[in-house]
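The values are calculated or read from the model by the stated rules, or taken from the named source; none is laboratory data. Computed from a predicted model, the values in this text were never measured in an experiment. Glycine also receives a Cβ, built like all others from the backbone with ideal geometry; neighbour counts cover every protein chain displayed.
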Amino acid sequence: MKQLIPWTSEEIIKATGGAAVSGKDKHTFTGVSIDSRTIALGELFVAIKGNNHDGHAFAEAVVEQGIKGIVINKQKAGELLCDKLKNQDVFCIEVDNTTKALGDLAAYNRTRADVSVVAITGSNGKTSTKEMANAIVSRKFDTLSTTGNLNNEIGLPLTLLKLCSSQKWAVLELGMNHPGEIARLAEICKPDIGIITNIGRGHLEGLKTIEGVMNAKGELLDGIKPDGTAILNADDERVMCLARKTTRNVIYFGLSENALIKASSVEVNKNLTSFVLKLPDDSIRVELNAPGRFMVSNALAAASVGYLLNLSAQEIKSGLENFAPVKGRMNITTLQNGVTIIDDSYNANPDSMEAAIKSLAGLKGKNRGALVAGDMLELGIYSETLHKKIGELCAECGIERLYATGQFSSDIAAGAIIGGMDISSVFTGSQEDILSDMTEWLRPEDWILIKGSRAMGMEKIVVKLKEWTGRSAGLKKAENKESYTNNIGKVNL
């Protein structure tokens, strides 16, 4: 186990600007935690107020467990037994906002660890690009990387608080759903290198327009250190618009001629995407363990990091080929009965859904293909229109069957029917209804893509399908076919 950098009480006060209300004697802590269930003895507890729970409600419990340091919101101080904390020699510091304090601790840790940082944002491909970049940078340097999807104002600090003195680089993912969030995350992590993978139609509910998305993603550029470098997508016109405004050094990746890091001879099959990686002074063929032409763009962004860090073409190739698709992102599995599942269930927005549907159309070849689509959330007033376009795209791409579930399932269905898909090939209903019908419809050599926003829980369908071993697997057949037909009949075309 790598040793985290310890914290003194003086450093905690300096980092957060908080005031000690008890335990003013010197204390040292081994790490920082926000979870009362997993906090270890010796760690500092930061009481975060989240969407579902308020950490202040567990402050006294962690003290009873033996924790000797807590950070609380000063407005909560009167509710906690400060006298009791003083008697137990607990170091208690109060701040204006504990979420901000967590970020301030992370920013302080990033500075004292003396690492360099790659920060990655974009509407699509952030996580895959992060994993690829980490695989490349790790070929040469001890590297920390974002775990899972810890990419927001709580998740990013938790990642940075895991820094060890031996590490030289951190590869971080920055997410957002409202203006100012990327700016704050960049303030915390202070990037040396910043990547914008692309700009698409995500989080429109909070950002209102595609220009709003562009401006929010562009906050990363101002957060890059003055002598740092932006790695930008030359194939994305909105990213290029941002490039023209930034004062940072810029290198471009993509398929266009003005890209410095580019690809040629792209080939996609069931499990691999291969291409020739073209660096300024070398070329090498790369085979990614992931299908989809869009993965090439992610790989080029990651390869640009390797180029900036003076890794050889072979080292970049080795890193990229060591990449494994993240769970729920274009994972391909062929079942024993010959049905192939494309599990892209982790999340969805209109652009990633479009890319996945086009990948399905290409991968299935002459075989039958089906889409199981869940709602794409946070699209605001554009929800109906953008869901209809997904249905239209299914028809345009020759997808043989469409399943849709969720609040906007009728809009997806309407789009498919408008696009020319036969009404008998369009099914809306619950996940259970879809599974019942689908396991009757599927036959060997069929391909099925499963995708929807995180909150839709589309991975449950993937799990059920993997448990299913054939037409006689015993899954209950849908009993509500008449209701299904009537629902389609009510679609507003």
Looking only at residues that are of a type in the set (A, V, I, L, M, F, W, C) and part of a strand (DSSP E or B) in the range 328-346, which one is modelled with the lowest pLDDT? 332
Of the numbered conditions (1) farther than 20 Å from residue 152 by Cβ; (2) among the hydroxyl-bearing types (Ser, Thr, Tyr); (3) surrounded by 23 or more Cβ atoms within 10 Å (Cβ to Cβ), residue 121 fails exactly one; give the number of that condition. (1)
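Restricting the range 347-371 to residues that are assigned to a loop (DSSP other than H, G, I, E, B) and touching a residue at least 60 places away in the same chain (Cβ under 8 Å), which is nearest to residue 462 (Cα to Cα)? Even if it seems obvious, please write down each step before you answer.
Here is the first cut: in the range 347-371, the residues assigned to a loop (DSSP other than H, G, I, E, B) are 347-349, 365-368.
Applying the additional criterion that residues be touching a residue at least 60 places away in the same chain (Cβ under 8 Å) yields 347-349, 367-368.
On the way: 347: 14, 348: 15, 349: 19, 367: 20, 368: 18 Å.
Step by step, filter the range 347-371, then rank; the result is 347.
Looking at 25, 83, 89, which is the one that is modelled with pLDDT under 95, among the acidic types (Asp, Glu) and assigned to a helix (DSSP H, G or I)?
On the way: 25 fails: assigned to a helix (DSSP H, G or I); 89 fails: assigned to a helix (DSSP H, G or I).
None of the other options fit; the residue is 83.
Output the residue which, of all residues in the range 164-174 that are surrounded by fewer than 22 Cβ atoms within 10 Å (Cβ to Cβ) and farther than 21 Å from residue 311 by Cα, is nearest to the chain's Cα centre (by Cα). Show your work before the answer.
Step one: list which residues in the range 164-174 are surrounded by fewer than 22 Cβ atoms within 10 Å (Cβ to Cβ), which gives 164-168.
Those left that are additionally farther than 21 Å from residue 311 by Cα: 164-165.
Details: 164: 24, 165: 27 Å.
Taking the candidates together, the pick is 164.
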Being closer than 17 Å to residue 4 by Cα and not in a helix (DSSP H, G or I) is the requirement here; does residue 123 meet it? no
In the range 130-150, is there at least one residue being assigned to a strand (DSSP E or B), surrounded by 24 or more Cβ atoms within 10 Å (Cβ to Cβ), in contact (Cβ under 8 Å) with a residue 12 or more places away in the chain and touching an Asp or Glu at 6+ places or on another chain (Cβ under 7 Å)? no
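Per-residue answers, yes or no, for (1) more than 24 Å from residue 446 (Cβ to Cβ); (2) more than 25 Å from the chain's Cα centre (by Cα); (3) among the hydrophobic types (A, V, I, L, M, F, W, C); (4) surrounded by 24 or more Cβ atoms within 10 Å (Cβ to Cβ):
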residue: 381; (1), (2), (3), (4): yes, no, yes, no
residue: 393; (1), (2), (3), (4): no, no, yes, no
residue: 397; (1), (2), (3), (4): no, yes, yes, no
residue: 413; (1), (2), (3), (4): no, yes, yes, yes
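So, in the range 257-274, exactly how many residues are farther than 15 Å from residue 304 by Cα and not β-branched (Val, Ile, Thr)? Spell out how you get there, then give the answer.
We begin by selecting, within the range 257-274, every residue farther than 15 Å from residue 304 by Cα; these are 257, 264-274.
Narrowing the set further to residues that are not β-branched (Val, Ile, Thr) leaves 257, 264-265, 267, 269-272, 274.
Going through the range 257-274 one residue at a time, the tally reaches 9.
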Take residue 417 and decide whether it is crowded, with 22+ Cβ neighbours inside 10 Å, part of a helix (DSSP H, G or I) and either in contact with a strand residue (DSSP E or B) (Cβ under 9 Å, 6 or more places away or on another chain) or β-branched (Val, Ile, Thr) (or both). no
